[in-house]
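Enquirer: One structure, as structure tokens, below. Some questions next.
The values are calculated or read from the model by the stated rules, or taken from the named source; none is laboratory data. It should be emphasised that the depicted structure is a prediction, and the values quoted were computed from it without experimental measurement. Backbone-built Cβ (ideal geometry, glycine too); neighbour counts: all protein chains shown. Ligands, DNA and RNA are stripped out before the accessible areas are found, and what is left, the full protein with its side chains, is counted by its heavy atoms. Shrake-Rupley method; radii C 1.70, N 1.55, O 1.52, S 1.80 Å.
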Amino acid sequence: MRSYGSPAYRLRDDYHHLAVGSDGRTVFAVGRPDRRATVLQSVEVATGKVIEGDEVATFTVAGDRVVAVPTAARASLTVAGADLSVERTVPLDAPVRCLAAGGPVVVVAGDGPPTVAVVDPVTGSVRSGPLPASPMCVAVSDDGTVAAIGTGTERSGSVLIVDTATATVTATLKGPRAPVRSVRVSGRGLVVAAAGPRVFGWTLGVPKPVTLLAAKNPASVVGFTTGGLLIAQVSEKTLHAIDPSTGAEVWKVDQYNTARVHGDRVVSLHFHTLRDLDAATGAVRHSWTSRTFTRGLAVGPDVVAATAATGRVAVLRDGEPWPEDPGGHGAPVIAVAFAGERFATSGKDVRVCVWERGSSTPVFTAEPSTKQTESEAVHLDDDAVWTAFGTRLQRYPLDGGPPATTGFLKDRVTVIRPLPGTGLVLAAAQARRRSYGELYLFDATTLTPVHSERMDRTFRAADLRDDGLVELRGDAHRLVFDPATRSVVHQQAARGWPFKPTQFLLPGGTLLVETEYQGRIHAIDTGRNAELYGVVETETISGTGALSDAGRLATVHTDAIRLWDAYTGEPAGTVPLPEGVRQVWFLPDGKTLLATLADGRLLELD
């Protein structure tokens, strides 16, 4: 099994909850619970080495340990070191709803029944007690002596103050008219909580709250700076610094995404740009800009870590730009083009790589310098790779010369096919629902447009025939185009099925194969517009398969890749399935499969 691409800094998915270890040498990550990737991972900051642990629901960092909630046993905690080797398992009285670390303890709020547990991660000792309401969030003071637990119903919210020495509720702070979604505790005896569009503050011992922030969008609490300022954010709007003792706003900046606080370091994420802000003034001290949308963010001692659509952890350093990704892809590949012993791949990380078969390092990488969407089509020649970042067509010379590009096209390009001997290149833009696509011819050198016409189909493949005509295929439709006369000479639509299965049409249009995710396979003789055989039933299909030019079908399942003779419907073997396969393609030999995984790895499967 051959593998393509560097494993450095590569995580399983592109949405992550991140945290930096207390020593700043390790980044911990886990995928969002609503996505498949929930394996706890640690990334060594200096080298990018990734270690995978167990499946967990969530985690927190406590000193030099990581404390996690196992997915398979939600009424327990695991305590592990930076290498994710589990030191101990701590049983609890109720399934964990949320947890937070502070000082020497981890405070866990459970539900069913509502319970608070104070855990010493070093010894595994537990102190627990009941809660009067179901918890929604929890925070712990820096010294670990006080915990605040947010609760709420549809029209009211409260904060429960817990003495961690006894695991008992010592006060209930009321005032919010919405559930408390985030809470923080200051070492100066202050508790702040966000409920709906408002942020409230209490001084411990004083039951009446002060409104510190009132907005129109939902608000949340980020944390306290070392200087005592409260950092709060309004969803998709602004980031605020507030003096909690007076309620005065010290500064405000625009912010669309999220922010993190560590000591007197405030890092704000605004679309593609991360900004290191002066905590006292809100002025930008340094910024980093990613080519793709940034999703995960964590700040620690001298470390800012982020994940963009590349799916890799980027370690950001003062005075330096956003770091280059290691070789290969960090997100799933969506398009492949083969040319002899080389092939080109386009990924969701807005990057196109050219590979020599058998070499794990790409020989060439193309990526746009500005913010663009991924290229849904790619084509490889002897001297250039053709891409379609955004809604343009580009040609990147493999010798590193400057790329050529078109202007903006009708929509995203799904087919690229240079036409040898004509000086032209053909491209097709997708046809969206209730809209039309476009078929283009460009001068292959200057990329100036020569011809365009409207198309009512989206095409995914194009083959140059011996007679000079171009055959375009998409779903159940086939079109033959004559570049010399700039005209369509033939169209054919197979019957297909109304519920939009995945469809594969052989070159020449003689056979249409359709696969449904429920595990049904149809084969249609397009000449007779009739099924070749009855419906083939198999296991649920979990990824996008492939059809070779010789009629071999590959379907992706959770347990294996199954091979079929598409002309007879008979099984033709199975291929062991690496975890996380999203899509496969047949190499030109018609036997070997190229598979893309969720984390961007590429594997050859025999």
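Enquirer: Using amide H atoms built 1.01 Å from N in the peptide plane, name the residues 5+ places from H557, or on other chains, whose amide H lies under 5 Å from its own.
Expert: Correct list: S542, R562.
Enquirer: Please compute the contact order of the chain in relative form: average sequence separation of alpha-carbon pairs under 8 Å and at least six residues apart, divided by the residue count, as a percent.
Expert: Relative contact order of the chain: 7 percent.
Enquirer: Right, next: Rounded to the nearest whole Å², what accessible area per residue is found for segment 468-606 with the 1.4 Å probe?
Expert: Heavy-atom SASA per residue in segment 468-606 reads 42 Å².
Enquirer: If the cut-off is 18 Å between C-alpha atoms, which aspartates and glutamates fall inside it for K252, apart from same-chain ones fewer than 8 positions away?
Expert: K252 reaches E236, D243, D264, D276, D278.
Enquirer: I need the peptides 391-397, 229-235, 285-291 ranked by packing, meaning the mean over residues of other C-beta atoms within 10 angstrom, with the highest value on top.
Expert: Ranking, from highest mean packing down: 229-235, 391-397, 285-291.
Enquirer: Suppose each label sits 7 Å from its Cα in the direction of the beta carbon; what would the K371-E341 distance come out to in nanometres?
Expert: 4.3 nm
Enquirer: In addition: Lys/Arg Cβ at +1, Asp/Glu Cβ at -1, dipole of the chain taken about the Cα centre: which of S158, S235, L131 is farthest positive-ward?
Expert: Result: S158, furthest along the dipole toward the positive end.
Enquirer: Moving on. Just going by the charge dipole of segment 240-339, with Lys and Arg at +1 and Asp and Glu at -1 on Cβ, which of L297, F271, G311 is farthest out on the positive end?
Expert: G311
Enquirer: Which pairs break 25 Å Cα to Cα here: K174/K216; K49/K237; K237/K410?
Expert: Cα-Cα > 25 Å for K49/K237; K237/K410; rest within.
Enquirer: Additional query: Please compute the modelled spin-label separation between D163 and T289, points set 7 Å along Cα→Cβ, answer in nm with one decimal.
Expert: Here the answer is 5.5 nm between the modelled labels.
Enquirer: Separate question: Contour minus end-to-end for T558 and S128, with contour as 0.36 nm per residue of separation and end-to-end as the Cα-Cα distance?
Expert: So the extension gain works out to 150.7 nm.
Enquirer: Quick one: dipole size for segment 1-122, taken about the Cα centre, charges +1 on Lys/Arg Cβ and -1 on Asp/Glu Cβ, in debye to the nearest 20.
Expert: For this selection, approximately 340 debye.
Enquirer: Now, a different point. Hey, if you put +1 on the Cβ of every Lys and Arg and -1 on every Asp and Glu Cβ in the chain, which of V106, T225, G189 ends up farthest toward the positive end of that dipole?
Expert: Of V106, T225, G189, it is G189.
Enquirer: Between T568 and A248, what length comes free when the chain is fully extended (0.36 nm per residue of separation minus the Cα-Cα distance, one decimal in nm)?
Expert: 107.7 nm
Enquirer: I've got another one for you. Taking a probe of 1.4 Å, how large is the accessible area per residue of segment 303-424, in Å²?
Expert: Per-residue accessible area for segment 303-424 comes out at 37 Å².
Enquirer: Now, a different point. Between T71 and K208, what is the label-to-label distance in nm when each label sits 7 Å out along the Cα-to-Cβ direction?
Expert: 5.0 nm
Enquirer: How large a share of the accessible area of the chain, in percent, is made up of carbon and sulfur atoms when the probe is 1.4 Å and the other protein chains stay in place?
Expert: 48 percent
Enquirer: For A46 and R486, what is the calculated FRET efficiency with R₀ set at 60 Å and r taken between the beta-carbons, to the nearest 0.05?
Expert: Efficiency computed from Cβ-Cβ geometry: 0.55.
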